[in-house]
Amino acid sequence: MTQVLDRDLASIQEARALLRKAAAAARIWAGSTQEEVDRVCEAMALAGAREAERLARLARDETGMGRTEDKILKNRFGSEDVWRAYKPLRTRDVLRIYPDARVKELGVPMGVVAAITPSTNPTSTALYKAIIAVKAGNAIVFAPHPRATQCVVETVRVLLDAAERAGAPPDLMSSMSTVTLEGTNELMRNELTDVILATGGSALVHAAYSAGKPAFGVGPGNVPAIIERTADVDKAVADIVAGKAFDNGLLCSAENSIVCDAPVERQVLELLPKYKAYLCNADEKRKLEQTLAPRGRLNTALAGQDAPLIAQRAGFSVAADTRVLVVRLEKVGREEEPLSIEKLSPVLGLYVEDGWRA
């Protein structure tokens, strides 16, 4: 009991200490020019891309979820592509002038950003949040998911090292290493925090929105993909399976269900094996429900695992190269259709409806 309490207190103290340092760095960084901001962000993006593979392996090893090769792509996207998109934007001083209204639009930093990162996409989320925060003239402090702490700490170290070499002040970026619920709440609610960027489950996003600060939250997704009768069905099936198989379904934007237009049902079913997607029978569906979504709640031990392993844990076998498991669904809701929830794994629901109005 004492050890748990001590860890909670240590986490709170760490959050406060990092925020004090970040606030001092934010005051310095607020006086930076657009050229200085862009030079630092460029260095951060290059460092993130250069270390994309190593950070991906760290994330995979620490969390035990997903696929390293896909995490590499996510890290490159979160550094190179994000920076390419935001590089042209002005964020300092005068952004726009509206002469008719005699109005100038100014870029003013918020100050200190509290950033919460998930276990599903830890390093890629840290990369892009750091880049956009610094681009906007802010300091940023991370609270990683406890299951993905060290990979985020290392990501922030890589970024801070590159930023300081390019002229950024010390402590512009930092990450908690002793992470508890109490420490994360302190980070979000502390008076030195100016804005929150929260990525995680519904409870976390609710806590961020309830912290009394401006907050931007991204919670669970549960994406349906409709294959309409006039679609290129082969391409649709290929893309949906690829999207669901990517990083073993950990992206909240990943497809979770196919809604198949009745006239193309047979074609869809015939194409599933072509793209290494296995259609479960009724008994296998029942076993999968009990294992992956008992009582309508995701078994997080199976999140981001390979399809053959999930099948094995459920009590049936599929080919070793199976990318996605597919189950027929008719209803929606945890109680009536447990596998209709967001599954965070390479498991797809399959609904059949006669027309998009159905």
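The values are calculated or read from the model by the stated rules, or taken from the named source; none is laboratory data. Small disclaimer: the values here were computed from a predicted structure and weren't measured. Here Cβ is always computed from backbone atoms with ideal geometry, including for glycine, and neighbour counts include all displayed protein chains.
Yes/no matrix, rows are residues, columns are (1) among the hydroxyl-bearing types (Ser, Thr, Tyr); (2) in a strand (DSSP E or B); (3) touching a Cys at 6+ places or on another chain (Cβ under 7 Å); (4) within 19 Å of residue 163 (Cα to Cα):
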residue: 74; (1), (2), (3), (4): no, no, no, no
residue: 78; (1), (2), (3), (4): no, no, no, yes
residue: 83; (1), (2), (3), (4): no, no, yes, yes
residue: 94; (1), (2), (3), (4): no, yes, no, no
residue: 97; (1), (2), (3), (4): no, yes, no, no
residue: 101; (1), (2), (3), (4): no, no, no, no
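Whether any residue in the range 259-269 is small (Gly, Ala, Ser) and in contact (Cβ under 8 Å) with a residue 60 or more places away in the chain is what I want to check. Yes, because at least one residue in the range 259-269 is small (Gly, Ala, Ser) and in contact (Cβ under 8 Å) with a residue 60 or more places away in the chain. Considered as a group, the residues in the range 270-305 that are among the hydrophobic types (A, V, I, L, M, F, W, C) and surrounded by fewer than 16 Cβ atoms within 10 Å (Cβ to Cβ) include one that is nearest to residue 66 (Cα to Cα), and that residue is 301.
Scanning the range 343-355 for residues that are assigned to a loop (DSSP other than H, G, I, E, B) and modelled with pLDDT of 95 or more, we see that the one that is farthest from the chain's Cα centre (by Cα) is 346. Pairing residues of the range 163-174 that are within 13 Å of residue 41 (Cβ to Cβ) with residues that are polar (S, T, N, Q) and at pLDDT 95 or above, at Cβ distances under 9 Å and at least 6 apart in sequence or on separate chains, gives 167/32; 168/32; 172/138. When residue 315 is tested against (1) modelled with pLDDT of 95 or more; (2) under 25 Å from the mean Cα position of the chain (by Cα), only condition (2) is not met. Among the residues making up the range 222-256, a single one is among the basic types (Lys, Arg) and closer than 20 Å to residue 77 by Cβ: 244. Looking across the range 281-299, the residues that are within 27 Å of residue 239 (Cβ to Cβ) and either in contact with a helix residue (DSSP H, G or I) (Cβ under 6 Å, 6 or more places away or on another chain) or modelled with pLDDT under 95 (or both) come down to 288, 289, 292, 293. Would you be able to say whether some residue in the range 161-179 is within 25 Å of residue 37 (Cβ to Cβ) and of a type in the set (Ser, Thr, Tyr)? Yes: one or more hits. Please tell me if residue 308 is modelled with pLDDT of 95 or more, over 15 Å from residue 344 (Cβ atoms), surrounded by fewer than 16 Cβ atoms within 10 Å (Cβ to Cβ) and outside the structural domain of residue 64 (by TED's automatic domain parsing). Spelling it out, it is not the case that residue 308 is modelled with pLDDT of 95 or more, over 15 Å from residue 344 (Cβ atoms), surrounded by fewer than 16 Cβ atoms within 10 Å (Cβ to Cβ) and outside the structural domain of residue 64 (by TED's automatic domain parsing).
In the range 203-233, what residues are part of a helix (DSSP H, G or I) and either surrounded by fewer than 18 Cβ atoms within 10 Å (Cβ to Cβ) or touching a residue at least 60 places away in the same chain (Cβ under 8 Å) (or both)?
Filtering the range 203-233 down to residues part of a helix (DSSP H, G or I) leaves 203-209, 233.
If the condition is that a residue be part of a helix (DSSP H, G or I) and either surrounded by fewer than 18 Cβ atoms within 10 Å (Cβ to Cβ) or touching a residue at least 60 places away in the same chain (Cβ under 8 Å) (or both), then 203, 204, 206, 208, 209 are the ones that fit.
Any idea which of 43, 24 is of a type in the set (A, V, I, L, M, F, W, C), under 14 Å from residue 128 (Cα atoms) and surrounded by 14 or more Cβ atoms within 10 Å (Cβ to Cβ)?
Details: 24 fails: under 14 Å from residue 128 (Cα atoms).
The match here is 43.
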